[in-house]
Amino acid sequence: MRCCVSTLAALAALAVTVTVVCGGSPVSFLPLERTIPLNHQVELATLRARDRARHGRILQDTGILDFSVQGTSDPYLVGLYFTKVKMGSPAKEFYVQIDTGSDILWLNCNTCNNCPQSSGLGIELNFFDTASSSTAALVSCSDPACSYAAQTATSQCSTQVNQCSYTFQYGDGSGTSGYYVYDAMYFDVIMGQSVFSNSSSTVLFGCSTYQSGDLARTEKAVDGIFGFGPGALSVISQLSSKGMTPKVFSHCLKGEGNGGGVLVLGEILEPNIVYTPLVPLQPHYNLNLQSIAVNGQLLPIDQNVFATANNRGTIVDSGTTLAYLVQEAYDPFLNAITTTVSQFSKPIISKGNQCYLVPTSLGDIFPQVSFNFMGGASMVLKPEQYLIHYGFLDGAAMWCIGFQKVQKGFTILGDLVLKDKIFVYDLANQRIGWTDYDCSLSVNVSVATSKSKDAYINAGQMSVSSSHFL
């Protein structure tokens with residue numbers, strides 16, 4: 001027999017209903033907000049600069065360990081979505097950016113030098129204080145976690161104080177440093193049709209004591225970064241190793257209006273999800289992209305340009321705003337789009353971007369695009385998932401190509417592509433799945449019925465009522 005509870009999460013402009021289906025593994029829910037609503041126009045050049053600065057950091061030395069430079073993501077370069085976590089004893093709330101391009105959860109410490117004191121996002125910033133938390137414990141040099149971090153070049157140890165610390169400095173002059181801490185992360189726990197709060201698990205995270213460069217700016221400052229990379233020190237890996245959650249997480253990022261969405265530390269269930277295997281032994285989420293089709297016609301692209309080798313590959317990254325194609329794929333992609341729509345729209349160049357003046361709805365003119373991956377999984381993009389609306393000109397809507405060309409390197413699928421889809425990162429089975437979805441609707445997830453395997457959700461964000469899943 002199957003049972004469920006219906007969980008309602010409301011955050012800012014978006015309400016997300018989470019329907020929990022009993023009989024699976026425990027899950028956690030994190031409602032999301034956007035730092036830049038889609039109705040707030042930003043120049044493509046600004047978004048490109050933002051993405052390229054990020055890529056210059058997280059993709060350097062890709063043959064060794066790029067995304068494994070943990071805890072280093074910049075609040076201005078980690079994407080548009082953030083959520084809240086509760087940490088410490090007594091519990092305190094912190095706003096953190098969601099980033100699938102790094103592993104470590106880190107927060108600004110109360111002793112931080114040059115950290116932002118206010119945020120242009122209209123949120124109140126908090127600082128973690130290890131001395132004020134009765135459950136906080138510093139990570140010693142002999143701790144296995146410190147030894148692991150040292151192997152990935154993300155930590156160092158001071159023998160004088162026996163404290164595991166980190167320092168990251170980037171080419172543009174920005175950086176962060178701090179030390180690792182163990183402390184409690186709090187969740188609500190769902191049991192049957194009731195919610196009981198104050199459940200917790202001890203996790204390792206970073207406490208930053210210094211910021212420089214862009215990390216010190218206030219415009220879009222938050223309290224830290226919540227890394228969802230595949231590494232052993234990510235929160236999802238820590239919790240799954242303790243049986244608190246399955247080794248899988250999912251998100252649904254709402255694209256329209258002020259955006260928002262939900263991130264689930266568990267598996268969203270949806271019958272139309274298709275899966276493709278992850279490229280093994282990679283420190284980020286690499287997929288085997290095999291071909292691209294426009295309007296059902298395969299483009300003349302050598303499949304090898306997408307292969308994971310020699311600083312190439314195809315990456316899914318929620319911290320990238322737009323999407324990026326290597327030149328060998330971008331040129332035929334752009335030519336195919338322009339050829340298909342040239343009779344019904346007027347192609348123009350605006351500020352160096354390929355744009356189109358569209359007198360009618362996009363669906364009447366622009367074709368669907370399919371990205372075809374290993375295992376037969378296709379990611380179908382509607383026009384809104386490869387175009388960006390940039391106002392009106394001569395009485396017609398101006399839409400510009402959101403995909404950007406890179407001369408060499410990685411094809412990166414960012415928020416432009418990820419929005420309005422359920423994405424499931426199944427780390428246990430080394431695969432990623434997706435399907436189109438209206439992220440303002442309810443999502444279904446599986447939880448266990450036993451007391452030892454309850455469902456964990458972000459504290460203080462949801463109310464619960466009974467319902468049935470058909």
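Quick notes
- Segment 317-430, accessible surface, carbon-and-sulfur percent (1.4 angstrom probe): 52
- Working from Cα pairs under 8 Å separated by at least six residues, relative contact order for segment 347-452 is 18 percent.
- For segment 255-339, size of Cβ-based charge dipole, Lys and Arg +1, Asp and Glu -1, in debye: 120
- Taking 0.36 nm per residue of separation and subtracting the current Cα-Cα distance, fully stretching the chain between Lys242 and Ser147 would add 32.2 nm.
- When Tyr437, Tyr356, Tyr210 are compared by accessible area of protein heavy atoms, the largest-first order is Tyr210, Tyr437, Tyr356, using a 1.4 Å probe.
- Evaluated at q = 0.19, 0.23 Å⁻¹: base-10 log I(q)/I(0), Debye formula over Cα of segment 318-372: -0.81, -1.09
- Options Tyr324, Val380, Ser342, ranked by Cα towards positive dipole end of segment 299-387, top entry (Cβ charges): Ser342
- In a reduced charge model with +1 at each Lys and Arg Cβ and -1 at each Asp and Glu Cβ, segment 337-437 shows a dipole moment near 320 debye about its Cα centre.
- Assigned charges on the beta-carbon of Lys, Arg, Asp, Glu; segment 209-270 dipole about Cα centre (debye): 180
- Extension reserve of the Leu298-Glu219 stretch, reckoned as 0.36 nm per residue once the Cα distance is removed: 24.1 nm
- Taking N as the residue count of segment 214-311, its C-alpha radius of gyration divided by 2.2 N^0.38 Å amounts to 1.42.
- Computed FRET value (nearest 0.05) for Phe392 with Ala137, which takes r as the C-beta separation and R₀ as 56 Å: 0.45
- Remark: segment 287-444 is approximated by an ellipsoid whose semi-axes, taken from the C-alpha gyration tensor as √(5λ), come to 26, 19, 14 Å, largest first.
- Stokes-Einstein D (µm²/s) once Rh is taken as the Kirkwood radius of segment 229-275 over alpha-carbon pairs, at 20 °C in 1.002 mPa s: 176
- Viscosity 0.890 mPa s, 25 °C: Kirkwood-radius Stokes-Einstein D of segment 385-449 over Cα pairs, µm²/s: 160
- Approximating the spin labels as points 7 Å out from Cα along Cα→Cβ, the Asn113-to-Gln327 distance works out to 4.4 nm.
The values are calculated or read from the model by the stated rules, or taken from the named source; none is laboratory data. Values in this document were obtained by computation on a predicted structure and should not be read as measured data. Note that we place each Cβ from the backbone using ideal geometry, even for glycine, and neighbour counts take in every protein chain shown. Just so you know, the surface numbers come from the protein's heavy atoms only, side chains and all, with ligands and any DNA or RNA stripped out. Shrake-Rupley method; radii C 1.70, N 1.55, O 1.52, S 1.80 Å.
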